[in-house]
Structure formats: structure tokens, C-alpha cells
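Following: one structure in C-alpha cells, then a few remarks.
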Amino acid sequence: MKLFSGLSFKVGRIVRMFVLGDLALLAGWGLVQPIFAVFVVEKVAGATIVTVGIAAAVYWITKAILQLPIANFLDGTPSEKDDFIILVLGLVLVGLSGFAFVLVSQIWQLYLVQFLLAVGFSMYTPAWQGIFSRHLDKSHEATDWSLDNVAISIAAGVTGLISGVLVSWFGYNLVFVLAGLFSLISATVIFLSPKVVFPHRVYRRGKALHDHRPIVSSRQ
């Protein structure tokens, strides 16, 4: 893959797939971030700017509490199957949370959806990072991580730029529906490609996977 003149590298299949999944997910939620506070104040009955702060706290505190235990559980399981299942389930929950925002009209509903969203991301983040880390291309680890960060930064920047336009033309519901759809697209990209994560042969718990080893740098 060539990004700029003079910069060329190969990217393994796992890295490509996971970057695409992350790209879709963060593109969808990049639509929500710029307009979220305005949505809460305008569309949730009785909401104030304090409500926005509490909603943010519900999300971040819940994610902080749950993410480490989930990560410890995944680290304690010998197979990658558990990471894969938690990852897809987390993405589905994140997608459903996006659709649920369309129904939010009361403050308690807002907090509930924020809680569900945090649960989804607390499942997604350690599972995604665990699989991604185990399949980084040798001698290109920094580049692989940077590729993902560049991809999601561009996606979030572009969608953030157009989110206000979409709300002005079509209303808030479209933005949340798109966030949910992009989350499910991310789940589909990963779910429909299990042979990339798991070998064609019958998976044996505790055995190394042999058909998708990271690409080894030609410099070695």
C-alpha cells in the first residue's frame, strides 16, 4: 500500500479488515459528536447543559468501570473466538444504541441509551485492540496503529463537517440512524469475514492460528 511518494508498505489482512471496521464505526459516530449537545438541549424535555454533562459522565464512567474487567476476561481466554464474539456483540449494541437515540424524549431515556452505548463500546474497544495487536505487521507496528488513527481521524473529520448540514436539512433522526447503520456495517465487515480471523481447519482451543500470520517486513 502506497500512501505518499517514497512511503510504501504491506498491510496484513487482519489490519486491513479492522481498520475498515473502525473507519465505518467512527465515521457514523463522527456525525453525532458535533450536534449531540444541541440535540439534548433542543429535543429532550427539561434538559439543560447540565444534562449534557451528566450524560457524558454516564457514558465515560460506565465505560471506565466495565472495560478493564472485560479486557481481563478476554486476556484470560486462550482462544480468539471469545474476542471475536464480544467484538461483534459490542458493535451490534452500539448500533442499536444509535437507533434508540431516535426514541429519546425524556432525560432518563437519554441516560439509559448513554449507558447502553458505553456497554457496547466497553466490549468493542478491548476486543478490537486485542485482535488487532496480535496481528500487527512485524516491524510496521507503529505504522499499523497510525494507519487506523489516520483513517478514523479523516472519517470523523469529514462526517463531523457534514453532520450540521444533515441536521439542518433532514433533522436529528437521520444522523442517529446513520450512526446506527454505520455501526452495523462495521459489525458486518467483521462478522462476514470469520475465515480471516479463524483458519479453514477446525479450530482447536489453545492452538496457534497458522493461516493469517502478520506480514514480515522485507527489511529482516
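The values are calculated or read from the model by the stated rules, or taken from the named source; none is laboratory data. Please read all numbers here as calculations on a predicted model, not as lab measurements. Here the Cβ is made from the backbone with ideal geometry for all residues, glycine too, and neighbour counts use every protein chain on show.
Note on segment 136-174: among residues that are under 17 Å from G98 (Cβ atoms) and under 17 Å from the mean Cα position of the chain (by Cα), the one that is surrounded by the fewest Cβ atoms within 10 Å (Cβ to Cβ) is G160.
If you scan segment 106-157, which residues turn out to be of a type in the set (D, E) and either closer than 25 Å to P78 by Cα or outside any helix (DSSP H, G or I) (or both)? Matches in segment 106-157: D137, E141, D144.
Only residues that are aliphatic (A, V, I, L, M), free of Cβ contacts under 8 Å to residues at least 12 places away in the same chain and farther than 19 Å from P69 by Cα were counted in segment 83-111, giving 1.
When the residues of segment 6-16 are filtered to those that are crowded, with 20+ Cβ neighbours inside 10 Å and in a helix (DSSP H, G or I), the one that is modelled with the lowest pLDDT is I14.
Which one of A56, A37, A47, A64 is buried (at least 20 other Cβ atoms within 10 Å of the Cβ), on the phi < 0 side of the Ramachandran plot and either touching a residue at least 12 places away in the same chain (Cβ under 8 Å) or part of a helix (DSSP H, G or I) (or both)? Going through A56, A37, A47, A64 in turn, just one is buried (at least 20 other Cβ atoms within 10 Å of the Cβ), on the phi < 0 side of the Ramachandran plot and either touching a residue at least 12 places away in the same chain (Cβ under 8 Å) or part of a helix (DSSP H, G or I) (or both): A47.
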